[in-house]
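The values are calculated or read from the model by the stated rules, or taken from the named source; none is laboratory data. Please read these numbers as outputs of a predicted model, since none were measured by experiment. We place every Cβ from the backbone using ideal geometry, glycine too, and count neighbours over all the protein chains shown. When the accessible area is computed, the model is the full protein with side chains, heavy atoms only, and any ligands, DNA or RNA have been set aside. Shrake-Rupley method; radii C 1.70, N 1.55, O 1.52, S 1.80 Å.
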Amino acid sequence: MTTEERALLRRTLEEARDKTAGEIAQLEPQLEPIAPDCCLGDVIREELMGEQEVAAKAYEAAVRRRNRLAYALSRIDSENFGVCEVCDEPIAPARLALIPETTLCVACAREKGE
């Protein structure tokens, strides 16, 4: 990986990290407990609880992505960055452009079901 490619990828990782942090901040208020007396009826409360469950799943996914992005940024200057952690083959630049935090090549990701 060239210095220019690494610099571009660093910017991509930083932008993704910042976007993910924004998503987390937007989701956090939706995770507040729902008071039993806040609604007009049981159906509306159940709907709110369903929406809260969806928000919780999105929040968990965003936190996992934030952690993967932080890990990628911490190792971007290492020699083995951009190398598949399973087969030790280079990860395609197009894959890194789409999923900059990835640690697996397409073949290994497919094999693992990711």
Being closer than 20 Å to THR20 by Cβ and either of a type in the set (S, T, N, Q) or buried (at least 17 other Cβ atoms within 10 Å of the Cβ) (or both): is that true of LEU73 here? yes
Inside the stretch 87-114, can you point out the residues that are charged (D, E, K, R) and open to solvent by 70 Å² or more (accessible area, probe 1.4 Å)? ASP88, GLU89, ARG110, GLU111, LYS112, GLU114
Selection within the stretch 58-114 - assigned to a loop (DSSP other than H, G, I, E, B) and hydroxyl-bearing (Ser, Thr, Tyr): SER78, THR102, THR103
Which one of the conditions (1) hydrophobic (A, V, I, L, M, F, W, C); (2) at pLDDT below 90; (3) touching a Lys or Arg at 6+ places or on another chain (Cβ under 7 Å); (4) open to solvent by 40 Å² or more (accessible area, probe 1.4 Å) does MET49 fail to meet, given that it meets all the rest? (3)
Exactly one of these conditions fails for GLU5: (1) open to solvent by 70 Å² or more (accessible area, probe 1.4 Å); (2) free of Cβ contacts under 8 Å to residues at least 24 places away in the same chain; (3) touching a helix residue (DSSP H, G or I) at 6+ places or on another chain (Cβ under 8 Å); (4) assigned to a helix (DSSP H, G or I). Give me its number. (2)
